[in-house]
Amino acid sequence: MGVDKALIRIDGEALAVRVARTLVAAGATHVHAVGGDRWGLEAVGLRWLADRWPGAGPLGGTLTALGATGADLVVVAACDLVVLQPTVVRELVDSLVHTPTATAATAVVNGRRAHHLVVWRRTARTALEEAWQHGARSMRDGLAAVEVATLPVAATDLADADDPVALAQYHGGEPMTEE
């Protein structure tokens, strides 16, 4: 898009802040933005965490998050989930908690795993690091390395803004700019 998507504003609020606010409403006690524009993210009130593998894909950010916490469960959410609701996050956490053999949980939208919202058990880190050593970089690759619980979710509950056209629909059709 030409700008840091995490800092694009909808209704005066940065996308990453919208997602962070949703995670807190779902029960998260510590929310960090992994990688990206440190100064911009801190300026909008987010805690920033340096990505150990910047530019190497989402699995690196996930490993960074799993290595930076002692929490048993870690929610990794893309910053562009424009309509994410706390209930979806809580239901996803519950699906992992109620599937003791799984080390990750993800939503399924229209029969496909939604890789932009995943709840991980901290214990998944070992398998993810091994997958990383063998070249895995995508969330799809990471999820292939562990047992996954799934939760069917409507596409409208996990809408993301991957391009200016998709993003504009959440802002009255106007092009979005970084402020």
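Can you quote the Å³ per residue value for the convex hull of the Cα atoms in region 1-79, rounded to an integer? List each step's numbers first, then the result.
Working: hull volume 7.3 nm³, N = 79.
So the per-residue hull volume is 92 Å³.
In deg cm²/dmol and to the nearest 500, what is the mean residue ellipticity at 222 nm of the chain if only DSSP H runs of at least 4 residues count, each as -39500 (n - 2.57), divided by the residue total? Please list the in-between numbers first.
Numbers: 7 runs with 59 residues, N = 179.
Theoretical 222 nm ellipticity from helices: -9000 deg cm²/dmol.
Can you give the Rg/Rh ratio of the chain, where Rg is from the C-alpha atoms and Rh is the Kirkwood radius?
Values: Rg = 15.6 Å, Rh = 16.5 Å.
Taking Rg over the Kirkwood Rh, I get 0.95.
Please arrange Thr22, Thr156 by how many other C-beta atoms lie within 10 Å of their C-beta, fewest to most.
Values: Thr22 21, Thr156 8.
Ordered from fewest to most neighbouring Cβ atoms within 10 Å, Thr22, Thr156 come out as Thr156, Thr22.
In debye, nearest 20: dipole of region 5-168 around its Cα centre with unit charges on the Cβ of K, R (+) and D, E (-)?
Working: 15 positive and 17 negative charges, 43 e Å.
Computed about the Cα centre, the dipole is about 200 debye.
Could you work out how far the C-alpha centroid of region 66-83 sits from that of region 7-63, in angstrom?
Measuring centre to centre over Cα atoms gives 9 Å.
Given the Cα-Cα distance of Leu73 and Thr101 and 0.36 nm per residue of separation, how much length would full extension add, in nm? Display every interim value, and only then the final one.
Values: separation 28, 0.36 × 28 = 10.08 nm, distance 1.39 nm.
So the extension gain works out to 8.7 nm.
By count of other Cβ within 10 Å, fewest leading, how are Trp39, Trp53, Trp120 ordered? Could you put the intermediate results ahead of the total?
Numbers: Trp39 7, Trp53 14, Trp120 27.
In increasing order of surrounding Cβ atoms, one gets Trp39, Trp53, Trp120.
Show the residues, 5+ positions off or on another chain, whose built amide H is closer than 5 Å to the amide H of Ala149.
Correct list: Thr103, Ala104, Ala105, Thr106.
Please state the relative contact order of the chain as a whole percent: Cα pairs under 8 Å, 6+ residues apart?
Reported relative contact order: 26 percent.
So how strong a dipole does region 69-143 carry about its Cα centre when Lys and Arg Cβ are +1 and Asp and Glu Cβ are -1, to the nearest 20 debye?
Working: 8 positive and 7 negative charges, 20 e Å.
Using Cβ point charges on Lys, Arg, Asp and Glu, region 69-143 gives about 100 debye.
Could you check what % of the DSSP bridge pairs in region 5-168 are antiparallel, to the nearest 5? Display every interim value, and only then the final one.
Details: 14 of 22 bridges.
Just about 65 percent of them are antiparallel.
I need two numbers for region 39-141: Rg to one decimal and Dmax as a whole number, Cα atoms only, in Å.
Calculated on Cα positions, Rg and Dmax stand at 13.9, 40 Å.
Read-outs: derived from the displayed coordinates by stated rules, not from any lab. All figures in this text were calculated on a predicted structure; none of them were measured in a lab. Positions of Cβ are generated from backbone atoms using ideal geometry, with glycine treated the same way; all protein chains shown enter the neighbour counts.
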